[in-house]
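Have a look at the structure below, then the notes.
The values are calculated or read from the model by the stated rules, or taken from the named source; none is laboratory data. If you're wondering where the values come from, they're calculated on a predicted model, not measured in any experiment. Cβ coordinates were reconstructed from backbone atoms using ideal geometry, including for glycine residues, and neighbour counts include every protein chain displayed. Side chains included, ligands, DNA and RNA excluded: accessible areas come from the protein's heavy atoms. Shrake-Rupley method; radii C 1.70, N 1.55, O 1.52, S 1.80 Å.
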Amino acid sequence: MKKAYKVNVSGAIFNIDADAYDGLKKYLDSLEQYYADDPDGKDIVADIENRIAELFQDRLTIYKQAISKDDIQEVLAIMGNPDEINNPNEAPYSAKATKNVYRNPDDRILGGVCGGLGSYFNVQSNWIRLAFVLAFIFAGTGALLYIILWALIPVARTSSELLEMRGESINIQNIEKSIRKEYENVKYHWKERNRRV
């Protein structure tokens, strides 16, 4: 029987084979070292760990309760190494990007439904808003449909969900870009707010 460790990855507990544990620990240590001097580093590493936990969860079944060395190698190949961020010629293997509908918290007037649909269909969200307004004026159903979609569509809360909403691969490069973009938006809105005061 193989020795296994219980490991907490982003708040989720996983059983990991002893030979796989070393690979994961080495990878997470290299991430922390790579982002140690970066002011956004802790958030980037946290989001990468969230994505690793999601990928681990996908590999577990009722018959398979431990993460193996092969699972670790697959997950780390999908995520890529920190060294690959600044070297686009060594882009990591990336699983096919999935695209899901989420409410977009960055492009919203009310609930982000139009922003999310716009991202999903690659259409400007203002066109979606116009369609809802026209449906409300001519058919009387626009507001009801919007409220139903608001209740059914989850909001994109994590970097992984924001990348999924746009149909981008969820790897280390895109997670870092997403976090940095988020911080730039916060800084911009903070400066605008202070300028008005």
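Yes or no, residue by residue, for (1) modelled with pLDDT of 80 or more; (2) open to solvent by less than 50 Å² (accessible area, probe 1.4 Å):
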site	(1), (2)
Lys25	yes, no
Glu54	yes, no
Ser68	yes, yes
Ile72	yes, yes
Ile78	no, yes
Ile85	no, yes
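In region 109-157, what residues are surrounded by fewer than 18 Cβ atoms within 10 Å (Cβ to Cβ) and either polar (S, T, N, Q) or on the phi > 0 side of the Ramachandran plot (or both)? The answer is Asn122, Gln124, Asn126, Gly140, Thr141. Among the residues of region 168-178, those identified as open to solvent by less than 30 Å² (accessible area, probe 1.4 Å) and more than 21 Å from Pro39 (Cα to Cα) are Ser169, Ile170. Within region 27-52, if we keep just the residues that are farther than 21 Å from Lys6 by Cβ, charged (D, E, K, R) and more than 18 Å from the chain's Cα centre (by Cα), the residue that is surrounded by the most Cβ atoms within 10 Å (Cβ to Cβ) turns out to be Asp38.
Of all residues in region 35-54, those being touching a residue at least 24 places away in the same chain (Cβ under 8 Å) and within 21 Å of Ile13 (Cβ to Cβ) number 9. Within region 146-162, none of the residues are closer than 20 Å to Thr98 by Cβ, among the polar types (S, T, N, Q) and at pLDDT 85 or above.
Just one of the listed residues (Ser160, Ser169) is of a type outside the set (A, V, I, L, M) and assigned to a loop (DSSP other than H, G, I, E, B), and it is Ser169.
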